[in-house]
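Let me begin by presenting the structure, written as C-alpha cells, before commenting on it.
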Amino acid sequence: MTSTPDPRPVAPVLDDDDDDDLDELDELDPLVTAARRRTAEERPLRVAALALVRDRRVLMVRVEGQDVLYLPGGKIEPGEGARQALVREAAEEVGLEIDPASIEDLFTVLEEAHGAHAGRMVSMTVYRAEPRAGTRHEPVASGEVAEVELVTSADADRCPPAGRAALERLVALRLID
C-alpha cells in the first residue's frame, strides 16, 4: 500500500513558548496584513501637547513653512508614554526641560488631523506643566519651530481643528481668555 502525499499546505509548527508565532502566521496571510495596515491608518494619531499658561495666555508654536499655530507637542512614538513624549517634544520644540512632577492631565480632544488625508483623526492629550527648577523658563523656537507666541482664544482662527478645540477647553477651564 502506497501513501499519497496530502495536497493541503503544511502549517508552520508553533512553539508553546513563543508568542510571536501567531504574528508570523498572520504575516503569511495577505488579508490579515491588509487589515492591519488599514486599521493602523484609521487609528487616530496619538499626540501629547503642552499647555504652558502665562498671564491667561497659552504658548503656541508655528512650524517652519506653515501658517497655523499648534500647542507644542507631537506624536507619541512606539514604546513611549504620553508624558515621555510631552517632555521630549517640549525640549525639541521650545527648549524647555519639563519637570515631570509638574505634569497635570487637562483633557483630550479628538478632531480631524490637520494636513492628513480626509477623515484621519488626531487624539491630542493636553497637559499643563512647568519647566524644571534651575532651567530655562522662557520658551524659544528650536528644531522645526519657526516661532513661539503666547495667544488667547481670539487667535483660534489661526489654529487647526484640534488647536481650536484645545483653546475652547482652556477657556472653559478658566486658564486663558
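Summed over segment 135-153, residues that are crowded, with 16+ Cβ neighbours inside 10 Å and farther than 15 Å from Arg54 by Cα total 2. For segment 92-99, the condition of being over 13 Å from Gly73 (Cβ atoms) and touching a helix residue (DSSP H, G or I) at 6+ places or on another chain (Cβ under 8 Å) holds for at least one residue. Out of Gly73, Gly115, one residue alone is modelled with pLDDT under 95 and not polar (S, T, N, Q). It is Gly115. The residue pairs whose first member lies in segment 72-89 and is in contact (Cβ under 8 Å) with a residue 12 or more places away in the chain, whose second member is crowded, with 17+ Cβ neighbours inside 10 Å and in a loop (DSSP other than H, G, I, E, B), and whose beta carbons are closer than 6 Å, counting only pairs six or more residues apart or on different chains, are Ala82/Ile76; Arg83/Ile103; Ala85/Ile76.
Against the criterion of being surrounded by 15 or more Cβ atoms within 10 Å (Cβ to Cβ), farther than 20 Å from Arg158 by Cα, modelled with pLDDT under 95 and of a type outside the set (Ser, Thr, Tyr), Arg38 does not qualify. Among the residues of segment 130-145, write down those that are on the phi < 0 side of the Ramachandran plot, over 17 Å from the mean Cα position of the chain (by Cα) and assigned to a loop (DSSP other than H, G, I, E, B). The answer is Glu130, Arg132, Ala133, Thr135, Arg136, His137, Glu138, Pro139, Val140, Ala141, Ser142.
Yes/no matrix, rows are residues, columns are (1) surrounded by 15 or more Cβ atoms within 10 Å (Cβ to Cβ); (2) part of a strand (DSSP E or B):
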residue: Pro78; (1), (2): no, no
residue: Ala90; (1), (2): yes, no
residue: Glu93; (1), (2): yes, no
residue: Val122; (1), (2): yes, yes
residue: Asp155; (1), (2): yes, no
residue: Leu167; (1), (2): yes, no
residue: Leu175; (1), (2): yes, no
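At pLDDT below 90 and either out of contact with any Leu (no Cβ under 9 Å at 6 or more places or on another chain) or not aromatic (Phe, Trp, Tyr) (or both), is that true of Arg132? For Arg132, the condition - at pLDDT below 90 and either out of contact with any Leu (no Cβ under 9 Å at 6 or more places or on another chain) or not aromatic (Phe, Trp, Tyr) (or both) - is not met.
The values are calculated or read from the model by the stated rules, or taken from the named source; none is laboratory data. Predicted model, so just to flag it, every value in this text is computed and none were measured. Because the Cβ atoms are built from the backbone with ideal geometry, glycine has one as well, and the counts that use them run over all protein chains shown.
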